[in-house]
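K.L.:
Let me begin by handing over the structure; questions about it come next.
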Amino acid sequence: MPTESAGQALTDERPAPDQGRSQPGSLERGIDLLIALSAASRPVTLSQLCRSTGLPKSTAHRILGVLCSRELARRVGSAYLPGDLLESMTGITRARVPGTRTIVLPYLLHLYETTRQTVNLAVPWGLEARYVERLYGHDRVRSRSDDSDRAPLHCTATGKALLAYDPRLRREVLARGSFERMTRRTITTLAGLERELAQVRRHGVAYSQEEFTEGVACVAAPVFGPCGRIRMAVGVAAPAHAAPLAKLSISVRGAAQAISAAFLGG
């Protein structure tokens, strides 16, 4: 009965109908992690990712290492965010402020027409400020953030505005204790930054005078949502040697207040 034996052997070697489905492969696990990262509004820890995906920590950590090396994920302190490549493929940054472009763009355009300087709209992105809208002319001031649309919170005007009015974000950033020096004017101490943020809350406007990029001065103000929580920050960047900061601050604060009122009315 050689034929039956061979047939029986082939039958025995066939996987059961559900075999292989109960244990997803690396690709499927990686996709699960990317989906979880994309859905997060803040950096997510390894433990949080494991809870949302059901993956063991060792497996998730290994796959995240691969994703980070391919710029599909990036590490922020002890947590993770989508990487630059994933953002460019999916437009995640735009999704962070859904439906807001039609509301804010007229005010940003008016601010540019008023100041004739670079106008930025920033949202918190991990422990950084992420520029989701930028308006500028041919003679715009050049900044270190031009290539990445991303900048540190502690040494930019938009970043300080976000920090000053977001207690949770402020705690996360201040927990570092010290900060990277970008220029000779960068505030690098915890006490110095706390004093600066207190001034932002007192006056409703934030400044960065050559703290992130030499030769660039910035002014920014917070934009609040209907619930009264900060939603984003609007700012203007100008050449430091000729920036009329007092005049710019009036325009920037007015634009931020108008956008906040538009959110409230919408």
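K.L.:
Please go through (1) acidic (Asp, Glu); (2) buried (at least 18 other Cβ atoms within 10 Å of the Cβ); (3) within 30 Å of Glu113 (Cβ to Cβ) for Glu172 and return the number of the only condition it doesn't satisfy.
P.N.:
(3)
K.L.:
Also, quick follow-up: For region 224-245, indicate whether the set of residues that are touching a strand residue (DSSP E or B) at 6+ places or on another chain (Cβ under 9 Å), open to solvent by 40 Å² or more (accessible area, probe 1.4 Å), within 19 Å of His110 (Cα to Cα) and without any contact (Cβ under 8 Å) to a residue 12 or more places away in the chain is non-empty.
P.N.:
The answer is yes; a qualifying residue exists.
K.L.:
While we're looking at this one, here's another question. Take region 213-223 and flag every residue that is open to solvent by 20 Å² or more (accessible area, probe 1.4 Å) and either closer than 19 Å to Tyr112 by Cβ or touching a Cys at 6+ places or on another chain (Cβ under 6 Å) (or both).
P.N.:
Cys218
K.L.:
Checking the structure you have, find out if any residue of region 95-111 is open to solvent by less than 30 Å² (accessible area, probe 1.4 Å) and modelled with pLDDT under 65.
P.N.:
Yes, some residue in region 95-111 is open to solvent by less than 30 Å² (accessible area, probe 1.4 Å) and modelled with pLDDT under 65.
K.L.:
List every residue pair whose Cβ atoms lie under 7 Å apart, where the two residues are 6 or more positions apart in sequence or sit on different chains, the first residue falls within region 62-75 and is assigned to a loop (DSSP other than H, G, I, E, B), and the second residue, located anywhere, is open to solvent by 40 Å² or more (accessible area, probe 1.4 Å).
P.N.:
Listed by first residue and then by second, the contacts come to Arg70/Leu85; Glu71/Asp84; Glu71/Leu85; Leu72/Leu85.
The values are calculated or read from the model by the stated rules, or taken from the named source; none is laboratory data. Bear in mind the structure is a predicted one, so any value in this text is a computation, not a measurement. Using ideal geometry, Cβ is built from the backbone for each residue, glycine included, and neighbour counts are taken over all protein chains shown. Ligands, DNA and RNA are stripped out before the accessible areas are found, and what is left, the full protein with its side chains, is counted by its heavy atoms. Shrake-Rupley method; radii C 1.70, N 1.55, O 1.52, S 1.80 Å.
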